[in-house]
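K.L.:
Okay, handing you the structure first.
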Amino acid sequence: MVIKNVNLETVCGITSVLPDNDKPEIAFAGKSNVGKSSLINALMNRKSYARISATPGKTQTINFYNINDEMYLVDLPGYGYAKVSEKEKEQWGRLVERYLHASARLKAVFLLIDIRHEPSANDKMMYRWIVEQGYKPIIIATKLDKLKRSQIQKHVKMVREGLELENDSKIIPFSSVTKQGRDEIWEFVETELGE
Ligand code: GDP
């Protein structure tokens, strides 16, 4: 994808009406601090357009980035931040569920998992939840640069087994430092949009 322009067009909080976009959407989910903003910036060729959080888990909004007036990258709020209250967790759940349920133009959902660690209980729940909403999550294993090359395969297997992925499910290792995986993600998105 050649990025001509990007625009944070809509920000939705827990009480917002979700936009009825007429262009396809690609959504990104993951626990807070997993590298979601960094990934979205890398996909948009921007340094810091999507906020990179110093204090993880603080904002519970869904952000819609208009790309070239062709499509949207949808940044779902991060989960699993220990310091949020039960009430906030519940509000988060309702907001994300409302979006996954209601979006008419959602084409694919990426779930980001830190490649260094076993998927957490929250990661597993999120994975199942996306599946229950009728989507087949594509896994992006983030922070690839933090591993030695010799460790990568073992960790990809750990993520696959942790989430109990089916064999044909895709895992794309990615680093926002080296940008490895970026082209593969865009290729996947373009294929989804073309169908
Ligand atoms: P978010 O909360 O999921 O949006 O995560 P951020 O993109 O804000 O990243 C959280 C922290 O991880 C920041 O300090 C980033 O600089 C760092 N980070 C994100 N992606 C990578 C990566 O691919 N490699 C490394 N080494 N650090 C990363």
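K.L.:
Using the structure shown, list the pairs from Lys23/Lys146; Lys23/Lys148; Lys36/Lys87; Lys4/Lys87; Lys87/Lys170 with a Cα-Cα distance above 29 Å, or answer none.
P.N.:
The pairs that break the limit, which is 29 Å between Cα atoms, are Lys23/Lys146; Lys23/Lys148; Lys4/Lys87; Lys87/Lys170.
K.L.:
Further question: Assign one of three labels to region 99-195, namely rounded, prolate or oblate, based on the Cα gyration tensor with a ≥ b ≥ c the square roots of its eigenvalues; rounded applies when a/c is under 1.5, prolate when it is not and a/b is larger than b/c, and oblate otherwise.
P.N.:
oblate
K.L.:
With the cut-off at 1.5 for a/c, could you classify region 1-98 from its C-alpha gyration tensor as rounded, prolate or oblate?
P.N.:
oblate
K.L.:
Okay, next question. For Asp69 paired with Glu118, estimate the spin-label separation in nm (one decimal), with each label point 7 Å from Cα along the Cα-to-Cβ line.
P.N.:
5.1
K.L.:
If amide H atoms are built 1.01 Å from N in the plane of the peptide, which residues on other chains or at least 5 residues away come under 5 Å of the amide H of Asn45?
P.N.:
It is none; the list stays empty.
K.L.:
Give the relative contact order (percent, whole number) for the chain; include only Cα pairs under 8 Å separated by 6+ residues.
P.N.:
24
K.L.:
Along the Cα-to-C-beta direction of Lys170, a point sits 7 Å from the Cα; which residues of region 13-30 have their amide N less than 18 Å from that point?
P.N.:
From region 13-30, the list is 24-30.
K.L.:
Looking at the square roots a ≥ b ≥ c of the eigenvalues of the Cα gyration tensor of region 78-139, which shape do they give, rounded for a/c under 1.5, prolate if a/b is larger than b/c, or oblate?
P.N.:
Cα axes put region 78-139 in the oblate bin.
K.L.:
What residue among Ile14, Ile26, Ile139 has the largest mean-square fluctuation in a Gaussian network model of the chain, using Cα springs under 10 Å?
P.N.:
Ile14
K.L.:
Output ³J(HN,Hα) for region 64-79: one whole-Hz value per residue in order, computed from phi by the Karplus curve 6.51 cos²θ - 1.76 cosθ + 1.60 with θ = phi - 60°, and x for Gly and Pro.
P.N.:
After applying 6.51 cos²θ - 1.76 cosθ + 1.60, I find 9, 9, 7, 10, 6, 6, 10, 6, 10, 9, 10, 8, 7, x, x, 10 Hz.
K.L.:
So which trypsin sites (Lys or Arg not before Pro) in region 135-190 end up in coil per DSSP with only 10 or fewer other C-beta atoms within 10 Å?
P.N.:
Lys148
K.L.:
Same structure again: Could you give each residue of region 15-32 its phi-based ³J(HN,Hα) in whole Hz, using Karplus coefficients 6.51, -1.76, 1.60 with θ = phi - 60°, and x for Gly or Pro?
P.N.:
Calculated HN-Hα couplings, in order: 9, 6, 7, 6, x, 9, 5, 9, 10, x, 10, 10, 10, 10, 10, x, 5, 5 Hz.
K.L.:
Here's something else I'd like to know. Relative to the present Cα-Cα distance, how much length would full extension add between Lys146 and Val11 at 0.36 nm per residue of separation? Provide the component values of the computation, followed by the final result.
P.N.:
Numbers: separation 135, 0.36 × 135 = 48.60 nm, distance 3.15 nm.
Extending this stretch completely gives an extra 45.4 nm.
K.L.:
Turning to a different aspect of this structure: How much mean residue ellipticity at 222 nm does the chain get from its helices, if each DSSP H run of length 4 or more adds -39500 (n - 2.57) and you divide by all residues, to the nearest 500 deg cm²/dmol?
P.N.:
-10000 deg cm²/dmol
K.L.:
Amide H of Tyr79: which non-local residues (sequence gap of 5 or more, or other chain) have their own amide H closer than 5 Å, using H built in the peptide plane?
P.N.:
Gly30, Lys31, Ser32
K.L.:
Using the crude model of +1 on Lys and Arg Cβ and -1 on Asp and Glu Cβ, and no other charge, please compute the dipole size for the chain relative to its Cα centre, in debye to 20.
P.N.:
That gives a dipole near 920 debye.
No value in this document is a laboratory result; all are computed from the given coordinates. All figures in this text were calculated on a predicted structure; none of them were measured in a lab. Neighbour counts run over all protein chains shown; Cβ positions are idealised from the backbone, glycine included.
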